[in-house]
1. Within the stretch 76-98, count every residue that is assigned to a helix (DSSP H, G or I) and either touching a residue at least 12 places away in the same chain (Cβ under 8 Å) or within 12 Å of the chain's Cα centre (by Cα) (or both).
2. Here are some conditions: (1) assigned to a helix (DSSP H, G or I); (2) over 25 Å from residue 24 (Cα atoms); (3) in contact with a helix residue (DSSP H, G or I) (Cβ under 9 Å, 6 or more places away or on another chain). Residue 130 meets all but one. Which one does it not meet?
3. Would you tally the residues in the stretch 21-61 being loosely packed, with under 14 Cβ neighbours inside 10 Å, farther than 24 Å from residue 172 by Cβ and touching a strand residue (DSSP E or B) at 6+ places or on another chain (Cβ under 9 Å)?
């Protein structure tokens with residue numbers, strides 16, 4: 001079992017075109033950021049992704065990505081070498097990992113993981129917070145300025161900004177609980193019973 005200190009964490013975030021009735025959603029931007037306990041924040045990667053679907057107004061209102069931003073963008077499949085280099089051997093991090101895992105199904109049998117979900121972790125560690133959405137969480141923990149310093153000229157619902165934010169949350173949690181020398185498996189299945197209890201109450 002690897003200690004958390006010896007792990008390379010790579011966070012991934014997708015922004016999407018929005019799902020029209022009867023259609024599945026498609027990604028239009030990908031962001032990857034890496035971090036480790038001893039080395040801190042490392043190289044990052046961000047790219048728009050081309051699609052044959054228009055970006056729905058409801059999605060554009062959230063992230064600001066327009067159809068014209070995707071004109072010369074690569075396909076997700078063409079980025080396989082980049083993704084493999086950054087995710088292979090890493091602990092993969094996402095805030096609410098469902099969307100990220102679903103879009104990565106474009107690469108059957110990719111083998112990326114294990115996965116750490118900072119949404120689930122934050123509910124376990126800070127169950128009393130009223131909102132565990134990434135932006136609200138960073139504001140509540142006074143982490144937003146740290147994210148902005150790492151990713152200047154970007155903001156929430158940009159894939160790189162959100163990926164970086166999830167790593168900043170993870171780093172704070174590991175520091176707060178003195179987990180650096182604990183096994184990484186502790187981060188994979190946190191106990192959220194107290195959070196669920198508060199929701200039922």
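1. Number of matching residues: 9.
2. (1)
3. Counting residues in the stretch 21-61 that are loosely packed, with under 14 Cβ neighbours inside 10 Å, farther than 24 Å from residue 172 by Cβ and touching a strand residue (DSSP E or B) at 6+ places or on another chain (Cβ under 9 Å) gives 0.
For (1) within 19 Å of residue 14 (Cβ to Cβ); (2) in contact with a strand residue (DSSP E or B) (Cβ under 6 Å, 6 or more places away or on another chain); (3) modelled with pLDDT of 95 or more; (4) surrounded by fewer than 19 Cβ atoms within 10 Å (Cβ to Cβ), each residue gets a yes or a no:
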site	(1), (2), (3), (4)
97	yes, yes, yes, no
100	yes, yes, yes, no
104	yes, no, yes, no
115	yes, yes, yes, yes
121	no, no, yes, no
127	no, no, yes, yes
143	no, no, yes, yes
154	yes, no, yes, yes
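The values are calculated or read from the model by the stated rules, or taken from the named source; none is laboratory data. Just so it is clear, the structure is predicted and the values come from calculations on it, not from any experiment. Every residue, glycine among them, receives a Cβ derived from its backbone with ideal geometry; neighbour counts consider all protein chains shown.
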